[in-house]
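Peer 1: Dropping a structure here in structure tokens format, bear with me for questions.
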Amino acid sequence: MNRLGLLQGRGGRGLLPEGFADAERAAKALERHRIELVYSSDQQRAVETARVIRSRLSLPRIRLSSALREMDYGKMSGRAETEVRRLCPLFRRDSTFVFPEGESFAHVQSRAFGWLDRILRRHSNGSLAVVSHGGWIRTLFAGLKGVPLNRCLEGTVAHGVVGRLDVTSSRGLHLKVASGVTIFPGGA
């Protein structure tokens, strides 16, 4: 769907060969960290990515979470972005715009922060790998960096990108955005 310029959201299939290559590169980048557990969206392409990471890092299992899913474009899923922009003029302009039978970027951000809050209560220390999706990542990173959500609507996250979120009692949350992530055009 990405190749065709279609909104994938919760649709789509598994990984293409280049997706597996991206997953291998991400796993390799994580080797130097002491990853203890992998969390993943329960969408097929994320699960396949998480399996590559789990296997390469010899981790016991993957914890799946629906809270890590990509944005739900509802009735616009599978349509060309140009068509969606015509049918939904507020798409990529207003973070509170809710897709017909779907959700908004604001909903995704709320879901992402809810998940993060639960994880921070469960894991007070250690390193986790998290496999999610571009829209989810952009909304979370925008909130963590204090970027107004409307400014991240045109952002991008390259496939297989690895970012880092450190949590310490002395510094709180510290986000290191990897190359391949543009939270909002004109700045990271």
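Peer 1: Six or more apart or on different chains, Cβ under 6 Å: which pairs go from a residue in region 44-72 that's under 30 Å from S104 (Cα atoms) and of a type in the set (G, A, S) to one that's part of a loop (DSSP other than H, G, I, E, B) and at pLDDT 95 or above? Could you list them?
Peer 2: Pairs that qualify, where the first residue is under 30 Å from S104 (Cα atoms) and of a type in the set (G, A, S) and the partner is part of a loop (DSSP other than H, G, I, E, B) and at pLDDT 95 or above, are S66/D42.
Peer 1: Quick one: count up the residues across region 104-134 that are in contact with a helix residue (DSSP H, G or I) (Cβ under 8 Å, 6 or more places away or on another chain) and either among the hydrophobic types (A, V, I, L, M, F, W, C) or modelled with pLDDT under 90 (or both).
Peer 2: Residues that pass the stated criteria total 11.
Peer 1: Something else now. Please determine, by comparing only the residues of region 98-117 that are part of a loop (DSSP other than H, G, I, E, B) and not small (G, A, S), which one is surrounded by the most Cβ atoms within 10 Å (Cβ to Cβ).
Peer 2: By that ranking, first place goes to F99.
Peer 1: Taking the options G160, G74, G146, name whichever one is farther than 16 Å from L6 by Cα and over 15 Å from the mean Cα position of the chain (by Cα).
Peer 2: Within the list G160, G74, G146, the selection yields G146.
Peer 1: Still on this structure, please answer the following. In region 67-78, which residues are charged (D, E, K, R) and either surrounded by 17 or more Cβ atoms within 10 Å (Cβ to Cβ) or closer than 19 Å to Q44 by Cβ (or both)?
Peer 2: Passing the criteria: R69, E70, D72.
Peer 1: How many residues are of a type in the set (G, A, S), part of a loop (DSSP other than H, G, I, E, B) and more than 21 Å from G9 (Cβ to Cβ) when one looks only at region 118-149?
Peer 2: Residues in region 118-149 being of a type in the set (G, A, S), part of a loop (DSSP other than H, G, I, E, B) and more than 21 Å from G9 (Cβ to Cβ): 3 in total.
Peer 1: Another one. Please state which one of L90, L64 is touching a Phe, Trp or Tyr at 6+ places or on another chain (Cβ under 9 Å), of a type in the set (A, V, I, L, M) and surrounded by 15 or more Cβ atoms within 10 Å (Cβ to Cβ).
Peer 2: L64
Peer 1: Could you look through region 150-166, keep only residues that are assigned to a strand (DSSP E or B) and out of contact with any Ser or Thr (no Cβ under 7 Å at 6 or more places or on another chain), and pick out the one that is surrounded by the fewest Cβ atoms within 10 Å (Cβ to Cβ)?
Peer 2: Once the filter is applied, the top-ranked residue is D166.
Peer 1: Here are the criteria: (1) out of contact with any strand residue (DSSP E or B) (no Cβ under 6 Å at 6 or more places or on another chain); (2) within 17 Å of S127 (Cα to Cα); (3) hydroxyl-bearing (S, T, Y). Tell me which single one S40 does not satisfy.
Peer 2: Failing condition for S40: (1).
Peer 1: Can I ask one more? Can you say whether L140 is in contact with a helix residue (DSSP H, G or I) (Cβ under 7 Å, 6 or more places away or on another chain) and at pLDDT below 85, as far as the supplied structure shows?
Peer 2: Taking the combined requirement at face value, the residue does not satisfy it.
The values are calculated or read from the model by the stated rules, or taken from the named source; none is laboratory data. Model, not experiment: these values are computed from the prediction. FYI the Cβ positions are ideal-geometry reconstructions off the backbone, even for glycines, and counts take in every protein chain you see.
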